[in-house]
Structures are given as structure tokens and as C-alpha cells.
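The values are calculated or read from the model by the stated rules, or taken from the named source; none is laboratory data. Because the structure is a prediction, the values reported are computed rather than measured. Cβ atoms come from the backbone with ideal geometry, glycine included; neighbour counts cover every protein chain shown.
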Amino acid sequence: MQPGLRTVQAAVESALATMRQETTRLTVAGRTDAGVHARGQVASHEGEPALVDGLNTLLPADIRVRASEAAPIGFDARRDALSRTYRYRVYQRPIASPFERRYSFHVPRRIEPAALDGCANALFGTHDFTAFTPTETGHTRFERDVFRAEWRRESEHMLAFWIEADTFMRHMVRVLVGTMLAVARGRYDVDYFKRLLEGAPRSAAAETAPPTGLFLESVRYDERSLTGPGA
């Protein structure tokens, strides 16, 4: 699933309206801005579940429903979620890959893995992420609980940052990645990064990484995790 949240939501709502012959409001679990991808998005709506094959026939080729099933009365995909997991992919090689252009962030310069790991380790627990979301925001709570944060090497040239938290703010993962990469390139040190997690202003962090490398991988409800393929 690649298009932005509003586009995806509108497309699915339109497909549901066609199938059910009535307006159907959709609630989604996680944010996927334009250019961001989702492999494990979860959505809810009132009424009986729609047939997967019928929905996919009506949806554009880059949006697919993998399952549709009944949920407990009152279930809300966003409000009832316990956590979300995002992955951000960084392609590290002097020459960019045309095949990864839409699904990763190309960084041609050397990255220091130890610095990335130091930043990721600092994210565990509860922190104030004011520095990692736009200054003009509708958020009133800036503390987030991070349950998992780690960098993995997926292949010789691909690094991936995985993070699970209770909720995320707008651009939060992308600003985290942009700032961690700045640390890995020597612009800041890990101690500086740790101080950002104490409620520093947005201007103290680095640039926002592009949306192309970001994937919503899974959403967790109670003891059940709804994940994308390979997550």
C-alpha cells in the first residue's frame, strides 16, 4: 500500500460504498503520509465485513486488502491499538539503485553503525519527542513509550531502522532517522541525541528523512499482532 493516508482511505471508503450501497466511514490505525508505504495497516468500519475479493476488484492496483473479518462491537482500529511498528530503509552505496528509488533513502556516504546503535538504544522507554515533530502541530502530548528500537542490516547495502511505540507523532520516525544519520556522519554525537529526547525544540534536531523509506509494518491489539509479509 503506497499512496498517502487520505488517498488510501478515500479509495477504500469508495469501494465499500459501492459494495454496500451506503456511505461507510473508515478508521485507520496508523499514519501513512504521501510517499509512505504500509504493509500492515489495519482499518475498521461499522457493519458486516466486506468480501476481500470484491474490495480488491474495486481498488486501484497499488492498494490491496489482505483480510476482512468481524471484530467485537465497538472495535476501533486506531483507539484500540496498543502499539505500531514502523521500519525505515536506508540504501547505503555510492551509486543509487533505480530499483530501490521508491522504497528507501539513498545515503551515498559512509555511516557509522556504532553511532546508529547508540541512538537506537537511547530510545527505549518514555521520552519527550517534541524535537521530532513539526513545530506547528495539533499534538498536545509529546511523550511516547518506545518498546523496540534497533537498526538491522537487511543486505550488503541496505540498513533498516525498526521502532515500535504506543503512538507516533507526525514525521516522528522520519525526523528520528534524519537525526540519527546526522549523528552517524559526525554532525552530532550520541549524547547530543539523548538530550534531544528531553523535550528539545524541533530546531535542535536534524532534517526530516524523505517518506520513501518508511513502512508501517504492523499494529498490535491485545495479544495479537497484525503484520505485513516478512515483518
Inset, instruction - Please identify the pairs in which a residue from segment 97-116 that is part of a loop (DSSP other than H, G, I, E, B) has its Cβ atom under 6 Å from the Cβ atom of a residue that is surrounded by fewer than 11 Cβ atoms within 10 Å (Cβ to Cβ), counting only partners at least 6 apart or on another chain. - result: Pro108/Pro94
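Looking at Thr167, Thr126, Thr135, which is the one that is assigned to a strand (DSSP E or B) and either surrounded by fewer than 20 Cβ atoms within 10 Å (Cβ to Cβ) or over 18 Å from the mean Cα position of the chain (by Cα) (or both)? Can you show your working first?
Working: Thr167 fails: assigned to a strand (DSSP E or B); Thr135 fails: assigned to a strand (DSSP E or B).
Unique residue meeting the criteria: Thr126.
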Inset, instruction - Among the residues of segment 138-156, count how many are surrounded by fewer than 16 Cβ atoms within 10 Å (Cβ to Cβ), in contact with a strand residue (DSSP E or B) (Cβ under 8 Å, 6 or more places away or on another chain) and assigned to a loop (DSSP other than H, G, I, E, B). - result: 1
Inset, instruction - Would you mind finding the one in Val52, Val107, Val90, Val146 that is at pLDDT 90 or above and touching a Ser or Thr at 6+ places or on another chain (Cβ under 6 Å)? - result: Val52
Inset, instruction - Kindly indicate whether any position in segment 47-54 is free of Cβ contacts under 8 Å to residues at least 60 places away in the same chain, outside the structural domain of Met172 (by TED's automatic domain parsing) and of a type in the set (Asp, Glu). - result: yes
Inset, instruction - Six or more apart or on different chains, Cβ under 9 Å: which pairs go from a residue in segment 162-186 that's on the phi > 0 side of the Ramachandran plot to one that's hydrophobic (A, V, I, L, M, F, W, C) and in a helix (DSSP H, G or I)? Could you list them? - result: His171/Phe132; Gly186/Ala115
Inset, instruction - Quick one: Arg220 ticks every box in (1) part of a loop (DSSP other than H, G, I, E, B); (2) of a type outside the set (A, V, I, L, M); (3) farther than 16 Å from Val107 by Cβ except a single one, so which number is it? - result: (1)
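Would you point out which residue out of Val65, Val12 is modelled with pLDDT of 90 or more, assigned to a loop (DSSP other than H, G, I, E, B), under 23 Å from Glu217 (Cβ atoms) and outside the structural domain of Pro108 (by TED's automatic domain parsing)?
On the way: Val12 fails: assigned to a loop (DSSP other than H, G, I, E, B).
Of the residues listed, the single one that is modelled with pLDDT of 90 or more, assigned to a loop (DSSP other than H, G, I, E, B), under 23 Å from Glu217 (Cβ atoms) and outside the structural domain of Pro108 (by TED's automatic domain parsing) is Val65.
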Legend entry - Which numbered condition Arg64 misses (of (1) exposed (fewer than 12 other Cβ atoms within 10 Å of the Cβ); (2) without any contact (Cβ under 8 Å) to a residue 40 or more places away in the chain; (3) touching a helix residue (DSSP H, G or I) at 6+ places or on another chain (Cβ under 9 Å); (4) closer than 18 Å to Ala77 by Cα): (2)
